[in-house]
1. Give me the inter-chain shielding for A:274-282: mean count of other chain Cβ atoms within 10 Å, whole number please.
2. Sort B:His142, B:His313, A:His241 so that the residue with the fewest other Cβ atoms within 10 Å of its own Cβ comes first and the one with the most comes last.
3. Given an 8 Å cut-off on Cα distances and at least 6 residues of separation, report the relative contact order of chain B as a percent.
4. Return the sequence-ordered ³J(HN,Hα) values of region B:339-352 in whole Hz as given by the Karplus equation 6.51 cos²θ - 1.76 cosθ + 1.60 applied to θ = phi - 60°, using x for Gly and Pro.
5. Of the residues A:Ala48, A:Ala187, A:Ala339, which exhibits the maximal mean-square fluctuation in a Gaussian network model of chain A defined by a 10 Å Cα contact cut-off?
6. Give me the net charge of A:Trp291's neighbourhood, meaning all other residues with Cβ under 14 Å from the Cβ of A:Trp291; Lys, Arg count +1, Asp, Glu -1.
7. Provide the percentage of antiparallel DSSP beta bridges, counting only those with both residues in chain A; round to the nearest 5.
8. Enumerate the amide H contacts of B:Ala203 below 5 Å, restricted to partners 5 or more residues apart or on another chain; note that Pro and chain-start residues carry no placed amide H.
Amino acid sequence: MPDDMQDFTRAVRDFLDAHAPRAAEPGQFRWGEGDDRVAYFSADPPEAEERKLDAARGWQRIRYENGFGWISGPPEYGGRGLTPLHELLYDAIESEYEVPDTGTLSVIGLGMIGPTILAHGQPASKDRYLPAMYRGDVIACQLFSEPAAGSDLASLQTRAVPGDGGWVLDGQKVWTSVAQHSQIGMALCRTDPDAPKHQGITAFLVDMGAPGVEVRPLRQMTGGADFNEVFLTGVRVPDDHRLGEVGDGWRVALTTLMNERATVGGEGSGPAAGVLSPERLSALMRATWTWDDRALRRDLSGLLADVMATGCLNARAARRMQAGVAPGPEMSVAKLMYAQNLTRAAHFVSHLLGPRIIADTGEWGTYAWAELLLATPALRILGGTEEIMKNILAERVLGLPKEPGIDTRSPFRDLPRSPSPGGRA
Amino acid sequence: MTDTKEDLDELREAVRDFLAAKSPQSAVRAAMETERHHDPAVWEQMARQLRLPGLAIPDEYGGDGFGLTELGVVLEEMGAALLCSPFFATVVLAAQSLLASGDEAACARYLPGIAAGQTIATLAAAEGNASWDPAMVTTRAHHVTGGGGWVLTGKKNFVIDGAIADLVLVVARSTAGPALFAVDRGAPGLRAEPMTTLDPTRAMAVLTLEQVPAALVGAEGQGGRLMSRVLDLACAALAAEQAGGARRCLEMSAAYARTRYQFGRPIGSFQAVKHKCADMLVRVELAEAAAREAGRLADEGAADFPAAAAAAHICCSQGYLFAATENIQVHGGTGFTWEHPAHLYFRRAKSAELMFGGPAVYHERLLDRLGI
C-alpha cells in the first residue's frame, strides 16, 4: 500500500474510533431469534424513516466537520482533495464500525450528482449547493428515467424551453429514488427536438420545492413505495441552474452515470446482507426439515459456491483499490452475480418453505421471505438492466462491435417511438 | 516469496512464452498421440530452464519454496495451453501427498527428484467405483513379517500418468485403516495398462498390484485425514488449471465473434452472440477469482481454505464446462470439426469436472467443508 494511503488509513481510524463504536461481529444466527425481516427495499413506516433520515444527516455532518464528508472533493467546497480510491478505502474501513446508514444522501446525491455539479455547474450553483450537500443539509435526486425512456435514456421527452429569463420545464420522470426527501433534482430535458437524440438534451438543477413540481409515490410490485414519479408542470428554472452548455446534457449525464458504476456493486453490506450466509440458509433447512433432502442440498451448495465466488470478486476489487489500482470488470460482474444470487436464494428458500411463503402462518422467519422474493425482479433491472450490462461487458471488455443501425443521426422528432401510454392496462 | 503482482506477472509471462514456443496446438496434438502422452524434452526443459516442478516444493527438499498462488499461475497457463504433461500428477497430486503426510524421510527421499524433474510421480486413489473417498478403498496392505516392509494387493483405476510414473503413491488399507504407500516403478507384481480417455491430453491408467513391495508413507491409518487435505489442495490446483482453460475459451470466442462475418456484420454485433460471450466472461471472472482466492488462503494457512477450495472446484468445474461448451456454439460448424481445438477444451473441461467425482460428490464436500 502506498505511504499516503497508510497515513490516510490511520487518520480514518482515529476519526472513527473517536466517533463510533466498532460493529459487533455478526452473531451466530439462531432460528427464531431477533428480527426476521428479509427485505431488499426498506419498507419502513414513515416515522421510522424520518428517524433514520435524521440520523443519516447527523452522521454526514460529523463526517463533514472532520474532513471526511467529501474525501475526493476540492477544498474550496469543503472537500479533502484526495482521490476516489481514498473514498473507497474510507468506505471499506467505515463498514467495520456501527454508524448510521447514509444511503439516502450518498448513493445518488453525494455519489453521483455532487461530482456532476462540480464538473459542469456554474459558480453560483457550486457555491450554493456543494458544501450544503456534503454537510448533509441538501439531498439531491436524479430526474433521468421517463416512462418512454428506460434503457434508451437519450430518448427522453421532458421539454425545457426558454422563458422568463430562464427555462420552463414540462414532463414526467419516473423511478426517482429519494425524491420525497430531496431539496434539489438533476433533470435531463430536451431543448432541441430537431437535433439527433443525444445532441438536443440539456441538464438542469431543479428546486424540488418550486411551483409545478409534484412528487407522487410509485408503488412497486412488493406493495411498498420506494420510488417516485415526478411531474414537472411549467416549472421555472433560472439559467444559472443549467449544468453544462445548452445541448450538451448527454455528456453531463455521462459524468453522473460513470459515478454510478463506481457506487453500485459493493453490495456486501446491502439491505439484504446476511441473507446469503451458509449459517442462515442451513438453519432454515433444518427448521423446515429439509436438511436431508439431497436435491435441496445440491441447490444450496451450488448457490453457496456462486455466492462465495462473488465474494472473491469483491475482495479482489477491494484489494486492487487498496493497492491503488483501478478495478477491472469484476465490479460489473459482481453486480450481475449479486442480482442472480439473491434471486436464486429467494426461490431456493421458497422451495424450503413450500406453502408457508404463499400464506402467512404467523411462524417466525417464514412468510417474511415473501418481501425479498417479490423484490428480486428489480435487482436485474435497476442500475442498468441485465441486457444492457451484458452489452457493456461484451463491448468494453471483450471488444465486440456495437449493434449497427441504432439511429444517432436523425432528428429526435423523426425517430419511431412506442405507442402513447394511453392504451396500457 | 513473490508477493507482488509484478513478480507474478513476470512468472506468468515466462510460462506463457515457454508454452507458446513448446506447446502450440500442433505440439499438443502430436504429444497426445504418443504413448507417453507428453514430450519428454519439454518436461526436461521445463525443469531445467524454468524450475517449474520444484516451484512449490520447500527449499529443504530441493525446491524453491513458493506456494499455491505461484503454482496457480503456472497451472492457469498450462490449462490455457492444454499442455500434455505429467506436471499435475507429479507436482500437485504426488508432491502434495508427500508433504501432507508429514513423513520427513519420505519427503527427503522423493521430493528432490520431483523438484529436479527427474521423477515422474502420481497418486493412485480411486478404484473400480471411481471414488476418491479413502473409506471406499479395498486395496490391501499386508505387513511383511520380519522385514518391516509392506506388500500391496488390489486394483487402481483412473491413475493419472500411471503408465509412466517412476513413483506411485498408493492409498491402501491395512488393519489400522487406509494409509499411503510408495511403490517404485518396476516393482515386481505391478502392472500398468493405459486407459482410453475422453480427454486425450491427460493420460490415465489401470494399475494392478499383486503382492507389490511398498513403503509406508506417514503413519498407519492416517489415510483419511491425509486424503482430505490432499483433495482440498488438488481441487484448488485443478481450479487454477480450469480457470486458465476457461479464459482461453472466452478469448477464442471473443476473437472469432469480432472477425467472423455473417449477414454482412461481425457475429459479435448480434446480441444473441454478444450476450453468450458476456455470460462466458461472467463465469470466467468468477472461476478465476474463486481459484486465486483458494490459492491465497492455502498459502496463508487459513482455516477457511478447505471451504474455499471446495467452492472453487465447483465454480471452476461449472465455469470451464460452460465456457468450453459455448465456445463450440460461438464457432458454429467450424467448432465441431476435429481440426478445431474447441473439442480438446471441451474434453478437458468435462474430464476435469468429473475427475474427483463431479457433482455427485463435490456439493456434499462443500457443505462438509463449510461445517454446516
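We did not get these values from a lab; they are worked out from the coordinates using the rules stated. This is a predicted model, so every value here is computed, not measured. Cβ: placed from backbone, ideal geometry, glycine included. Neighbour counts: every protein chain shown.
1. Values: counts 0, 0, 0, 1, 6, 3, 1, 1, 4.
The mean count of partner-chain Cβ atoms within 10 Å per residue comes to 2.
2. B:His142, A:His241, B:His313
3. Working: 715 pairs, mean separation 57.0, N = 372.
RCO, chain B: 15 percent.
4. 5, 6, x, 3, 5, 5, 5, 4, 5, 5, 5, 5, 5, 5
5. A:Ala48
6. Charge balance in the 14 Å sphere: -1.
7. Looking only at bridges with both residues in chain A, the antiparallel portion is about 85 percent.
8. Answer set, sorted by chain and number: B:Asp161.
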